[in-house]
Structure formats: C-alpha cells, structure tokens
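Report on one structure; see the data block that follows.
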Amino acid sequence: MREYLLTLCITAAVTYLLTGPVRKFAIVAGAMPEIRARDVHREPTPRLGGIAMFFGLCAGLLVADHLKNLNAVFSNSNEPRALLSGAALIWLIGVLDDKFEIDALIKLGGQMIAAGVMVMQGLTILWLPIPGVGLVALTQWQGTLLTVALVVITINAVNFVDGLDGLAAGMVCIASAAFFLYAYRIWYSYGIEAAAPATLFAAILMGMCLGFLPHNMHPARIFMGDSGSMLIGLVLAAGAISITGQIDPDVMNLFSGSERNTVHQTVPVFIPLLLPLTIIAIPAADLVLAIVRRTWRGQSPFAADRGHLHHRLLEVGHSHSRAVLIMYFWSALIAFGALAYSVNSGAMWSVLAIAALSAVGLVLLLLPRFTPRAPRWAEHLVPPRYRRRRAAVAAAGDGAPVTHETAAAGDPDEAREHRAPAAAGVAGVNGATAIGTRSRLLDRREAESSR
C-alpha cells in the first residue's frame, strides 16, 4: 500500500507542477478558443491540460518501475507498456484536436487504433465470468472486439461529461478510488498477482486527476481538453479490462459449500462485469441520451448541443459548483454502492444506506434555489457563498441596484452572473496577461494583415 500511495503522490505532484507551465504554453500556442454557444464558461480559457496529465502518467509508471514490489508488475506483465503505448497515441490525437479541431470520425478512428495497439500488446479480455453459466472463454476476435468497444465507449463517455469545471476529473477520480479499493482487495486478500496492474492503473489515474483538479475547479484556469478527457477515459478502461478479462475466478477458491454460500461468495467474481459500468454509469447514460436526442432531431450523433445532464442541472437553477457536487454525489453513490455490495452482498444495511442516500440526492435535485447559511459566529469558517449577504442586503435596502461588487460580497456565483463575457486576447482574461503586451502586438499584426 505504501508503494501505491507513493506512486499516487508522485503522479499528482508532477501533474500539478506541470499544469501551470502547460497553461502558459497553451496561451502562447493559441489553444484558447473563443466562447461557443454550447459553452458554460464566460471567459476564453486555455486547453491542453492533458499534456500535464500525460507526463504525470509517465512519471507514475517510471516511479513504480523502480519500486521494489511494484517492479514485479512490469516484469510479470506487459500491460503497463500496452497502456503507455495506447495512452501516447490517444494523447497525441487529443492534442491535435485541442489545437486544430479535427473531425469527430478521425478521433473515433484514432480511439479504435489506440485500443487495437493495447490489444496487440496483451491488454485484452480473455474470458468473461457470466452468472449462471460460469467462465466463458473468448476467441481472439471476440476478445478484440469487446476490448475495443469498451475502450471507445469509456473514452467517449468521459469526453461527453467534460462540460463543467472540474466535473470530468472529479468524477473519474471518484470512480478510480472505488476501483482501486476493489482491485487492491482482489490483489491483497486473495493473493492474485494478476490484479496488480489494474490496482496500479487506478492509483496513477487518481494521481492524475487529483493533481489537475486544483487548476480545473470553478472558475477553471485551464481545461484538460480532449487530450486529457480521452486519456483518463482510456486509463479507466484499461484497468477495467485488466481485472475483468485477465483474472481467473477459479484461483479464488470460492466455489465451495452450499449453493447459497457459493452464490454469496462468488459476488466478487461477477462484480468486474458491473463495476466498470457503475464507474461510467452517469457518463454512459449521458452518452446514450445524447445519441438518442440528436438522432431524434435528425442531427449527427457527434453534433454538440446543450442537452447534457450538467446543462440540465444549470437550467433547473443549480449554480455551477452545486451542479458539479451533485454529479460527484451520484457518481460516488453508484461506484461505492457497488463496491460495498461486492464486500458483503448479504448485508441489509448497505441496501438501506444506498436507498437513504438516493433519497437525499433526489431532495438536492429538487431544491436548486436553497442555499444554506452559516450562523454569524461561524461565518469566518465557511466559504463566502455560505455567508449572509450583508453588503447586498444593505444595497437593496437603500434602493441601489445590485452591482457586481455587491453581488460579490454575497455569492460568487451570482457575481459571475453579472459579469459580461470577455473576448479572447483581452488582458486580464483567465491568464491572458501571462504574455502581457505580446498578445496585443499579435492582435495588431493580425488586424493589419487582414486589411
């Protein structure tokens, strides 16, 4: 566990430290597109955050290769090399898309090629444990098609949910935390070394997301872009493939005793079939709804719109931060609920706890305008949004209009609503001042050349 935690911390530290320079590079490189109609943010924000996440992945794999116990993962399995190869390819495609906006079909083809590269190096599904049937061996073509399909679905599901500041990174971090606990239990409790690669992938994925989140929380200073969303989607899929189709359930020695005990004991065998689905349950639901919605309207399934789940939360009346937290809540409830069921499927308390938390989540969805306020004696202990709006109330009592300054004294989210969108290249916009007068000189040259 210490080596896994060390790998996680190194990955997070490298990702966090590199995100700042990558942000400045993205501004200079022009990877800072204008505001589109479907965008939620109001200021041009640089992308290419996936560059820092990729180097964090490389640092995590490099550190793990030099640790005493984790080195066995590299010597006994080719899966880390397969992951790195597929990640490098999908990352390169994402970087090109962040800069040049490549066609969606080209991206889809690149995703399939990246999945094929991992399959060629041994990261594939060999068999499936199916309840009521047992262990079903797959042919080479069946395993390849199933692996490629899982990778492509996971990548696009994560890419679709990347619509609010910190949403994709936080949801994947929550999912990878649940997956890490499950994979570590299989590796440590049952002594199955084949689960070690999936455990390592989950630890590295957590580090990538945790290192990037401080820069990506609302208001985001940088976006991960497709270079980051497709990358973390691929790493998440690689861990699910590794532990689903590479571990032989027979080595767990679970098939003993009465039929009822056998059913309860073999739950951890069948959970790999469900856990990858629970991890991307919300992104996958968003993906399916988006395809149905766009096809019903006669549009291309790849056409962007403002009908995603996070967009609907904003339309209901939730603030940006609260919409993200609600999505976090449901992701954690589904992922950790499945994890708790795999540990003790016969415990009634886990079912009751999940039902109670689901009710709490529904209440939160139905109260978009409710904002809890801390008592006056505790206001200095909570964020400004939960403090009483003294300045705004005083201004309203005097008959003065609520300006950006009075709104900022109460709720930062309302303050942003009073802020007008800014154009790209304006000094002071999300780090545009990082290049100072150079941006204005570039704008002047472009204007002169256009004349």
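Being at pLDDT 70 or above and in a helix (DSSP H, G or I) narrows it down to one of 352, 314, so name that one. When all the criteria are applied, what remains is 352.
Filter region 186-220 down to the residues that are among the aromatic types (Phe, Trp, Tyr), surrounded by fewer than 23 Cβ atoms within 10 Å (Cβ to Cβ) and assigned to a helix (DSSP H, G or I) and list them by number. Result: 187, 188.
The test for being open to solvent by less than 30 Å² (accessible area, probe 1.4 Å), more than 22 Å from residue 53 (Cβ to Cβ), of a type in the set (Val, Ile, Thr) and modelled with pLDDT under 90 does not hold for residue 130.
Residue by residue, here is whether (1) assigned to a helix (DSSP H, G or I); (2) touching a helix residue (DSSP H, G or I) at 6+ places or on another chain (Cβ under 8 Å) holds:
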site: 119; (1), (2): yes, yes
site: 125; (1), (2): no, yes
site: 128; (1), (2): no, yes
site: 141; (1), (2): yes, no
site: 145; (1), (2): yes, no
site: 156; (1), (2): yes, yes
site: 176; (1), (2): yes, yes
site: 184; (1), (2): yes, yes
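Pairs meeting the criteria (first residue in region 1-27 and touching a residue at least 24 places away in the same chain (Cβ under 8 Å) and part of a helix (DSSP H, G or I), second residue open to solvent by 20 Å² or more (accessible area, probe 1.4 Å) and among the polar types (S, T, N, Q), beta carbons under 7 Å, at least 6 apart or on different chains) are 3/69. Considering (1) at pLDDT 90 or above; (2) open to solvent by less than 20 Å² (accessible area, probe 1.4 Å), the lone condition that residue 119 does not fulfil carries the number (2). Residues that are exposed (fewer than 15 other Cβ atoms within 10 Å of the Cβ), polar (S, T, N, Q) and without any contact (Cβ under 8 Å) to a residue 60 or more places away in the chain occur at least once in region 56-77. For region 151-174, how many residues meet the condition of being open to solvent by 40 Å² or more (accessible area, probe 1.4 Å) and at pLDDT 85 or above? Selection size over region 151-174: 1.
The values are calculated or read from the model by the stated rules, or taken from the named source; none is laboratory data. Quick caveat: nothing in here was measured; it's all calculated off a predicted structure. So basically every Cβ, Gly included, is an ideal-geometry build from the backbone, and we count neighbours across all protein chains shown. With ligands, DNA and RNA removed, areas are computed over all heavy atoms of the protein, side chains included. Shrake-Rupley method; radii C 1.70, N 1.55, O 1.52, S 1.80 Å.
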